[in-house]
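This is the structure I have questions about; it appears just below.
The values are calculated or read from the model by the stated rules, or taken from the named source; none is laboratory data. Everything numeric in this text was worked out from a predicted model, so none of it was measured. Reconstructed Cβ throughout: ideal geometry from the backbone, glycine too, with neighbour counts over all protein chains shown.
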Amino acid sequence: MSDSSIAKPSIFSPLSLRRITTSGSYIPEIDGLRFIAILSVILYHVPIQIALRSTDQEASNPFWYLISHGNRGVQLFFLISGFILGMPFAAHLLRAKKAVRLRQYFMRRLTRLEPPYILAMLFRIALLLTVMHKPLGMVLSHGAASLVYMHSLVFGDMSTVNPPAWSLEVEIQFYIMAPLLALTFFKLRPAWFRRLLGLAFIVAAGILQLYFLADQGPSRVTLSIVNYMQYFFAGFLLCDLYLTDWDRIPTHWLWDVVSIGAWCWIFEAYGPLVHVLLPVVALIAYIGAFKGLLLPRFFRLTWVSLIGGMCYSLYLTHNLAITAVDTALHHRLASPSILPWVKPLVAYAATVPAVFAVGLLLFVLVERPCMDKNWPTKLWRWLHREKKANLAVETP
């Protein structure tokens, strides 16, 4: 089910960029699913930030219509987080694996994800002050709230420092709640009752949110886990199946057909029921990513899984890269002499490479080194050796 005994790749191999996992096991399909999620988010944000499309264009152009639902990549990320964070707790309760130490669980978050997040936020705060000349008080207050994942709760809106970070605030809320939720959910017996209850919660949560929150814009509630909990529970269900009944689910080409249909629905469906059904349809699409005959080959492609593995760095930096391209090309793209259908081609041709270049830089320099759970100890030892070496040089 996972590749746990992979030889260390050469430094010149693309596999040297693959994410480092805490358990040592690696599931390439998960990074393949991350690829779909981050790509859809990037494609969605490019025309919004560069102001390329209009209502008339969306009505007549299938591409703009498809991209207009790319923001659903965020919900796809939530489902993956439910799967990944639920895995160690579920393995303990369902397969008698080692219990999770909560101190290590939270320290791993601190050492693994906080350094790239803090660095990206501080860089954006510096740009707002020095390049965009935003008021100091505003930048510091909003920046401080963003740094501690509290912007949506404090200001009731997306972060003005890095707007996409609102979803990371939802992620941290789930991260804090995940141990209690997982240890409660995966204790339920028998399995059919646990899964039925999980599905009932997913559907009920969507209906209640649709009834009470559908007409609200961004707010403290709509930008919180209250509005997205069902996606994490869909990840719990995927985790449940993966650890217990995975071998009983046959690998078959019908899964390719069903999953492709589910993917099309995810990015094309519209209407109020989408919010209710999306977690369930995404769960079906994810199962097909493992159990089809063709789709798993795509999700396991080296370049697909590698880019998906960089999704966190790409998510943190893509907004900045798109803004930079918009600044550089704004006058050209606004020129009436450029045909409307040429503008998107120019924008995407310039933006997508820039996004991946900036994200790769953060991934290689900061995020991937922080995937090594022992990096704080190694850094401390290195600093201690350097201090001793300097003292030895200074001592006559």
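Filter the stretch 235-253 down to the residues that are under 17 Å from LYS187 (Cβ atoms) and in contact with a Leu (Cβ under 7 Å, 6 or more places away or on another chain), then identify the one that is surrounded by the fewest Cβ atoms within 10 Å (Cβ to Cβ).
Among residues in the stretch 235-253 that are under 17 Å from LYS187 (Cβ atoms) and in contact with a Leu (Cβ under 7 Å, 6 or more places away or on another chain), the one surrounded by the fewest Cβ atoms within 10 Å (Cβ to Cβ) is THR244.
Consider ARG368 against the criteria (1) modelled with pLDDT under 90; (2) part of a helix (DSSP H, G or I); (3) out of contact with any helix residue (DSSP H, G or I) (no Cβ under 6 Å at 6 or more places or on another chain): it satisfies all of them except one. Which criterion is unmet?
(1)
A follow-up question, please. All but one of (1) closer than 21 Å to ILE202 by Cα; (2) assigned to a loop (DSSP other than H, G, I, E, B) hold for ASP157, so report the exception by its number.
The failed condition is (1).
What are the residues in the stretch 238-259 that are more than 17 Å from ILE80 (Cβ to Cβ) and assigned to a helix (DSSP H, G or I), if any?
THR244, ASP247, ARG248, TRP253, LEU254, TRP255, ASP256, VAL257, VAL258
Hey, among the residues in the stretch 22-51 that are at pLDDT below 90 and under 21 Å from LEU113 (Cβ atoms), which one's surrounded by the most Cβ atoms within 10 Å (Cβ to Cβ)?
TYR26
Conditions first: (1) surrounded by 19 or more Cβ atoms within 10 Å (Cβ to Cβ); (2) small (Gly, Ala, Ser); (3) out of contact with any Ser or Thr (no Cβ under 8 Å at 6 or more places or on another chain). GLY137 passes all but one, so which condition is the exception?
Tallying (1) surrounded by 19 or more Cβ atoms within 10 Å (Cβ to Cβ); (2) small (Gly, Ala, Ser); (3) out of contact with any Ser or Thr (no Cβ under 8 Å at 6 or more places or on another chain), GLY137 fails exactly one: (1).
Ok, one more. Filter the stretch 286-321 down to residues that are more than 16 Å from MET121 (Cα to Cα) and assigned to a helix (DSSP H, G or I), then give me how many there are.
Residues meeting the conditions: 20.
Restricting the first residue to the stretch 367-396 and requiring it to be under 24 Å from LEU316 (Cβ atoms) and of a type in the set (A, V, I, L, M), which pairs with a second residue that is assigned to a helix (DSSP H, G or I) and modelled with pLDDT under 80 meet a Cβ separation below 6 Å and a spacing of at least six or different chains?
Taking only residues 6 or more apart or on different chains, not a single pair turns up.
Here is a further query. Taking the condition of a type in the set (A, V, I, L, M) and touching a residue at least 60 places away in the same chain (Cβ under 8 Å), does VAL226 pass?
no
So, GLN173, is that one in contact (Cβ under 8 Å) with a residue 24 or more places away in the chain, polar (S, T, N, Q), within 30 Å of ILE284 (Cβ to Cβ) and out of contact with any His (no Cβ under 7 Å at 6 or more places or on another chain) or not?
Taking the combined requirement at face value, the residue satisfies it.
Looking only at the stretch 331-342, count how many residues are touching a residue at least 40 places away in the same chain (Cβ under 8 Å) and either outside any helix (DSSP H, G or I) or exposed (fewer than 12 other Cβ atoms within 10 Å of the Cβ) (or both).
Final tally of qualifying residues: 1.
Any idea which of ASP3, ASP56 is modelled with pLDDT under 65, surrounded by 11 or more Cβ atoms within 10 Å (Cβ to Cβ) and among the acidic types (Asp, Glu)?
It is ASP3.
Now a separate question. From PHE193, PHE212, PHE201, grab the single residue that is part of a helix (DSSP H, G or I), more than 29 Å from LYS291 (Cβ to Cβ) and without any contact (Cβ under 8 Å) to a residue 60 or more places away in the chain.
Every option except PHE212 fails the conditions.
For (1) of a type in the set (Val, Ile, Thr); (2) touching a helix residue (DSSP H, G or I) at 6+ places or on another chain (Cβ under 8 Å), each residue gets a yes or a no:
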position: LEU183; (1), (2): no, yes
position: ILE202; (1), (2): yes, yes
position: ARG248; (1), (2): no, no
position: TRP255; (1), (2): no, yes
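Still on this structure: Considering the stretch 217-234 alone, what residues qualify as being surrounded by fewer than 15 Cβ atoms within 10 Å (Cβ to Cβ) and in contact with a helix residue (DSSP H, G or I) (Cβ under 9 Å, 6 or more places away or on another chain)?
PRO218, SER219, ARG220 - these are the residues of the stretch 217-234 that are surrounded by fewer than 15 Cβ atoms within 10 Å (Cβ to Cβ) and in contact with a helix residue (DSSP H, G or I) (Cβ under 9 Å, 6 or more places away or on another chain).
Follow-up question, since we're still on this one. Restricting the search to the stretch 220-250, which residues are within 21 Å of the chain's Cα centre (by Cα) and of a type in the set (Ser, Thr, Tyr)?
Scanning the stretch 220-250 gives THR222, SER224, TYR228, TYR231, TYR242.
When the stretch 290-303 is examined, which residues are found to be farther than 18 Å from SER25 by Cα and either under 17 Å from the mean Cα position of the chain (by Cα) or at pLDDT 95 or above (or both)?
Result: LYS291, GLY292, LEU293, LEU294, LEU295, ARG297, PHE298.
Still on this model: Anything in the stretch 260-277 that is in a helix (DSSP H, G or I) and over 18 Å from LEU39 (Cα atoms)? List them, or say none.
GLY261, LEU273, VAL274, HIS275, VAL276, LEU277
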